[in-house]
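Below is one structure; the comments refer to it alone.
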Amino acid sequence: MRRYGRGVRRLLPGPVADIDPMELYPALPRPKPAGRPWLMLNMIASADGAVAVDGTSEALGNPADEAVFSAVRACADWIVAAAGTVRAERYGLPRPGAKSRRARRAAGRSDRPRLAVVSASLDLDLDLPLFADQRAGDDLPVILTGRDAAAEAADRLEPVAEVVRLASVRPQPEEILAELDRRGAGVVLSEGGPSFNAQLADAGLIDELCLSIAPLVAGGASPRIVHGSRRTVPLNLTVDHLLEASDTLFVRYVG
Ligand SMILES: NC(=O)c1ccc[n+]([C@@H]2O[C@H](COP(=O)([O-])OP(=O)(O)OC[C@H]3O[C@@H](n4cnc5c(N)ncnc54)[C@H](OP(=O)(O)O)[C@@H]3O)[C@@H](O)[C@H]2O)c1
């Protein structure tokens, strides 16, 4: 039987019985590579590799995963997500809790990460929480799009977003990171989805992969965490740590 009440324990390197993800993740070193931010990827998959059940990741999560998810977000200056994920998961603006804000400040970060969404079509419903649930003082989400994006589509979003046209027709991962670098990002967290991750993997830009493995098999036709990559073996990864809570495994790989 799964024990949700038990804390998070570290299995590698060397066991630690009770560990607070919020104290662990944001304090880890993430040196900025030359000319671009450090890029983290955070994904959850079932034990058989599915990233979604019935179209979203909701069924894969549990409270322990939520704690790690918040701790990983506390590491980031900018969160970037592709439009398919923003639509499926109904993204809102990041609103870290008090503990996360404290960890962010201790690591020299602003209270909240900014959100960037990558979309070629700009076909994003205005009733998505990132637009519809904005509050006074919120930074607008930044929508990164291609140079030829339709003006009407951009105009429709402009009251609730900053639409930024990048130089390519379809923004390249390097351009996306360069834009966030220009905006002061030291650490960028990509939350996917799999087809966007494939572009990051193909470009060789992933510095850190935080992978949660949920204790279930999903079956079905869900993609894996990277889908459509051109490269067969795109990453060489080293296990930095392995945590466990509620039978969910949390691996941090560094590239
Ligand atoms: N388990 C997890 O941790 C996790 C995490 C994230 C997502 N997911 C799941 O993954 C699924 C979504 O992933 P997905 O692979 O289908 O889609 P995705 O990668 O999230 O989004 C694809 C869309 O993003 C935009 N896009 C991607 N690259 C672009 C580029 N270079 N330039 C411009 N626009 C670009 C395009 O949007 P437009 O169509 O607007 O042009 C494209 O259609 C959902 O089921 C979601 O629940 C799971």
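A short reminder: the numbers here are calculations on the coordinates, not readings from a lab. Just so it is clear, the model here is predicted, and its values are computed rather than measured. All Cβ positions, even for glycine, are placed from backbone atoms using ideal geometry, and neighbour counts span all protein chains on display.
Structure values in brief
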{"quantity": "Gain upon complete extension [Asp123, Lys32; 0.36 nm per residue less C-alpha separation]", "calculated": "29.5 nm"}
{"quantity": "Rg over Rh, two decimals, the stretch 1-122 (C-alpha only, Kirkwood Rh)", "calculated": "0.97"}
{"quantity": "Nonlocal amide H pairs with Leu166, under 5 Å, H built at 1.01 Å", "calculated": "Thr145, Gly146, Arg147"}
{"quantity": "Computed lengthening from Ala107 to Val217, 0.36 nm per intervening residue step minus Cα-Cα distance", "calculated": "35.9 nm"}
{"quantity": "Leu249-Asp139 pseudo-label distance in nm [points 7 Å out on the Cα-to-Cβ vector]", "calculated": "3.5"}
{"quantity": "Cβ-based charge dipole, the chain, positive-most Cα from Ala64, Leu11, Ala149", "calculated": "Leu11"}
{"quantity": "Full-stretch length increase - Arg165, Ile19 - with 0.36 nm per residue and alpha-carbon distance subtracted", "calculated": "48.3 nm"}
{"quantity": "Whole-angstrom Cα spans of the chain along principal axes, big to small", "calculated": "54, 41, 37"}
{"quantity": "For the stretch 184-255, with +1 on Lys and Arg beta carbons and -1 on Asp and Glu, the positive-most of Val233, Leu249, Val188 along the dipole", "calculated": "Val233"}
{"quantity": "Vicinal HN-Hα couplings computed from phi for the stretch 104-120 (Karplus, 6.51 cos²θ - 1.76 cosθ + 1.60; Hz; Gly/Pro x)", "calculated": "4, 4, 4, 8, x, 9, 5, 4, 9, x, 7, 10, 10, 10, 9, 8, 7"}
{"quantity": "21 Å tail of the calculated P(r), the stretch 88-225, as % of Cα pairs", "calculated": "52"}
{"quantity": "DSSP-defined antiparallel bridges as percent of all bridges, the chain, nearest 5", "calculated": "40"}
{"quantity": "Contact order normalised by residue count of the chain, Cα under 8 Å, 6+ apart, percent", "calculated": "30"}
{"quantity": "Arg224 versus Ala153: modelled label distance in nm, points set 7 Å from Cα along the beta carbon direction", "calculated": "3.0"}
